[in-house]
Every structure is written in structure tokens, then in C-alpha cells.
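S.K.: Here's a structure for you.
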Amino acid sequence: MPLVRYRKVVILGYRSVGKTSLAHQFVEGEFLEGYDPTVENTYSKIVTLGKDEFHLHLVDTAGQDEYSILPYSFIIGVHGYVLVYSVTSLHSFQVIESLYQKLHEGHGKTREVQAVEGKKLAESWGATFMESSARENQLTRGIFTKVIQEIARVENSYGQERRCRLM
Ligand SMILES: Nc1nc2c(ncn2[C@@H]2O[C@H](COP(=O)(O)OP(=O)(O)OP(=O)(O)O)[C@@H](O)[C@H]2O)c(=O)[nH]1
């Protein structure tokens, strides 16, 4: 049975550029004519790519502008982004540039350690890597669920490696 991997993808962009329409078209297969400003909405979909299966968790956000402060839930534990602009709005194009900068800066303070560096270090230890914030309940639960799963895996295995590692 294929392993189903979890992927969280956040859709960002200025107001009314079509974020909800894209998510809806992808998940439900139809175009939404009407406009109803989003507060925040999530979609779940299993996506099969070749032999791989992904549990896609799409976050459709309320429109941002250059002054928006991105919450931790849009930064930590996110695997990818879709930055959306409208070809009929130059301003919406400028907004995605500003959002891109914000994503690199992290939340207020400048990020000094990239997730990829943590991942690399964990890999060199043969450990599982997870990035979280204590502000995010789901992500924090994920850490402790993972460590319990890893302990169970090691306890149930009769292999050479007896220790569980979580970074
Ligand atoms: N012609 C055209 N209209 C679109 C397209 N995508 C979205 N729209 C329309 O643009 C309006 C806004 O679309 P939404 O998907 O609600 O935009 P949004 O970015 O989610 O809006 P917020 O929730 O305010 O951030 C709706 O009336 C859509 O029908 C598109 O590709 N082409």
C-alpha cells in the first residue's frame, strides 16, 4: 500500500484575485462565478502522482496586502505556497512580491535558521525533522504524536537500531 504523505499548501494573494476560485476548481472541479470574501477556508484532497499519494491540505486565506502580518500558521509547517495575482491588477502583482519577502523574513523577527538546514541536520542524524511553534496546536500535537509513533516503531522492531530520534 502506498504511503500517504501530508502536504500543507497555503494560497496567498491580494483580495479578489481568484484564490478561492483556484482552490475550488481544483478540489470541486467547477468555477465559482460569485464573489464572497474569504475569512479562511481549508480543503482536503488526496492527490495521486504516479505511485505516490499525498494528503493535500489547502489553506485558502483572506486577501492580504503589503501591510498584512502573516500568522505563524502560514509559515511554520507549510510545505509550499501558491502566490496568486490577477493580470488585471498591477497592485495585486506588487503585493505578491511583498508577500514573498515576508515569507523569507518569517514572523516579525528575521529567520536565522532555515527549515532546510534543520532538515539536513536531522537527516545526518537519521532523525525525523519537524518544525513547529508552540502557538500552533496542530503542529505541536504532531511532534508528540510522531515521537510516540517512533517509540512504538522502535519497540516493535527487531532490527539493529533500537533508539528513536526526533529533532
Ligand atoms: N474571469 C475570471 N474571473 C475570475 C477568475 N478567478 C476568479 N474570478 C472571479 O473573481 C472574483 C473573485 O474571486 P475569488 O476566488 O473569490 O477571489 P479571492 O482571491 O479568493 O478573494 P478574497 O477572498 O477576497 O481574497 C469572483 O467573482 C470570481 O468569479 C479567473 O480566472 N477569471
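The values are calculated or read from the model by the stated rules, or taken from the named source; none is laboratory data. Only a predicted model underlies this, so the values are computations on that prediction, with no experimental measurement involved. Virtual Cβ from ideal backbone geometry, glycine too; neighbours counted across all protein chains shown. Quick note on the areas: whole protein, heavy atoms, side chains included, nothing else; ligands and nucleic acids left out. Shrake-Rupley method; radii C 1.70, N 1.55, O 1.52, S 1.80 Å.
S.K.: Using a 1.4 angstrom probe on heavy atoms only, work out the carbon and sulfur share of the accessible area of the stretch 1-132 in %.
M.R.: Answer for the stretch 1-132 is 56 percent, counting heavy atoms of protein chains only.
S.K.: Hey, another quick one. Between the DSSP loop rule and a limit of at most 14 other Cβ atoms within 10 Å, which GluC sites (Glu not before Pro) in the stretch 65-117 are left?
M.R.: Within the stretch 65-117, the qualifying GluC sites (Glu not before Pro) (loop, at most 14 other Cβ atoms within 10 Å) are GLU66, GLU112.
S.K.: Determine how many Å³ per residue the convex hull of the Cα atoms of the chain encloses.
M.R.: It is 147 Å³ per residue.
S.K.: Within the stretch 1-160, what is the number of lysine pairs with alpha carbons under 19 Å apart, leaving out pairs fewer than eight places apart on the same chain?
M.R.: Going through the stretch 1-160 pair by pair, I get 9.
S.K.: Translational D (Stokes-Einstein, µm²/s) of the stretch 43-101 at 10 °C and 1.306 mPa s when Rh comes from the Kirkwood sum over C-alpha pairs?
M.R.: Estimated via Stokes-Einstein, D reaches 118 µm²/s.
S.K.: Charges at C-beta only: +1 for Lys and Arg, -1 for Asp and Glu. How large is the resulting dipole of the chain about its Cα centre, in Debye rounded to 20?
M.R.: Dipole size: approximately 720 debye.
S.K.: Considering only the chain, what is the antiparallel percent among its DSSP beta bridges, to the nearest 5?
M.R.: 40
S.K.: Next question, about the same structure. Do any GluC sites (Glu not before Pro) in the stretch 2-60 lie in a DSSP loop with no more than 10 other beta carbon atoms within 10 Å, and if so, which?
M.R.: GLU30, GLU33
S.K.: Tell me, which longest segment in the chain has none of the trypsin sites (Lys or Arg not before Pro) that fall in DSSP loops with at most 10 further Cβ atoms within 10 Å?
M.R.: By the stated rule (loop sites, at most 10 other Cβ atoms within 10 Å), 52-108.
S.K.: If you don't mind, there's one more thing I want to ask. Could you state the accessible area per residue of the chain in Å², with a 1.4 Å probe and every protein chain left in place?
M.R.: 69
S.K.: Whole-Hz ³J(HN,Hα) for each residue in the stretch 74-90, computed from phi via Karplus 6.51 cos²θ - 1.76 cosθ + 1.60 with θ = phi - 60°, x for glycine and proline: what do you get?
M.R.: 8, 10, 8, x, 9, 8, x, 10, 10, 9, 10, 9, 9, 5, 9, 9, 4
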